[in-house]
Amino acid sequence: MLKKRAKQVLKIEADSIRRLASRINKDFEKAVNLIFASKGRVVVTGMGKAGIIGEKISATLASTGTPSLWLHSAEAIHGDLGRVKKEDLIIAISNSGETEETIRLIPHIKKIGAKLIAITGNMRSTLAKNSDAALDVSIKEEACPLGLAPMASTTTMLAMGDALCAALIDKRGFKKNDFAFLHPGGSLGKQLLLKVEDIMRKGAQNPIVKENTKVKDVLLKITSARAGSATVVDKKNKLLGIFTDGDLRRHLEDGIDLASKKVKDVMTKRPKTMKKGSLAVEALRILQDNRIDEIPIVDEKGRAIGLVDVQDLLKAGLV
């Protein structure tokens, strides 16, 4: 019985969304064009469950390049309508299209001069008739076994809102970099915005040694910096190589007097490097592809300026 009920709910809601496709009409295009042309913000309002859906639609709009805010209909008629300006656009959500608090806003919205888009399940309603564009989200039946709790109706509202947002993404030419700019704390934001110089080790945390330095002194410097390698440079600070714990192990197996050797004789020559300004996510790719743990960072003249360790990428949340 439980599985049967769950499957029935999903089928009803899926069918309700499928029927929306035939309602992507001139009013939908008008709604998209009105939002695109708006010089202000998109203010989304509603009550109850429809209001909760409105909050999500507003959040999606804001995160995809359309400035938006959520406005509770009841709070709006008690002073918060002062947030709305003539250049704004209102999206009002109501399944019946007759929700008292939402309907009471209509004359005030008209007085302000803002455009109004309705998302409603009743195209003959007061809300639909008084809107500049009305989007039909009517359903055949609710998925609730009692026919009382909004389920299929709120699902269609959400889907129509997503359709609006997706169409606006295309119309604005909104790209991944734009999304990252609005999500600097998210994983995509980090991938597209975080540069190697933002996370690289430098100064005392980045052991840099000259090519004729003895290995024992290099090891002391690595230990002092709590690092896993040292960058080897010439007199002009240009990168020549890197000395890692892997180099140490390999040469210890050779049975040579490693401590007294010059680092230039045991270092890894011509290591993988990255230039300042490169994306940190690219550093991760190089480390993974080459199965290495560190990569030196150089400036435009090939001078060593930092080091990115796989641990730094972990701390930055890229791994």
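Quick notes
- Whole-Å distance, taken between Cα centres, linking the stretch 1-38 and the stretch 271-319: 46
- Over the chain, dividing the summed -39,500 (n - 2.57) contributions of all DSSP H runs of at least 4 residues by the number of residues returns a 222 nm mean residue ellipticity of -13000 deg cm²/dmol.
- Under-5 Å amide H pairs with LEU240, H placed in peptide plane, nonlocal only: VAL232, VAL233, ASP234
- Note: relative contact order over the chain, using C-alpha pairs below 8 Å and six or more positions apart, is 14 percent.
- Cα-centre dipole for the chain with unit charges at Cβ (Lys and Arg positive, Asp and Glu negative), debye to 20: 660
- Degrees, to the nearest 10: 215-225 long Cα axis against longest axis of the chain: 30
- [x] 61; [y] 50; [z] 64, with the label sought being that of the calculated percent of Cα pairs over 26 Å apart: [x]
Every number here is computed from the coordinates shown, using simple stated rules; none is lab data. This is a predicted model, so every value here is computed, not measured. Neighbour counts are summed over all protein chains in view; Cβ atoms, including those assigned to glycine, are modelled from backbone coordinates with ideal geometry.
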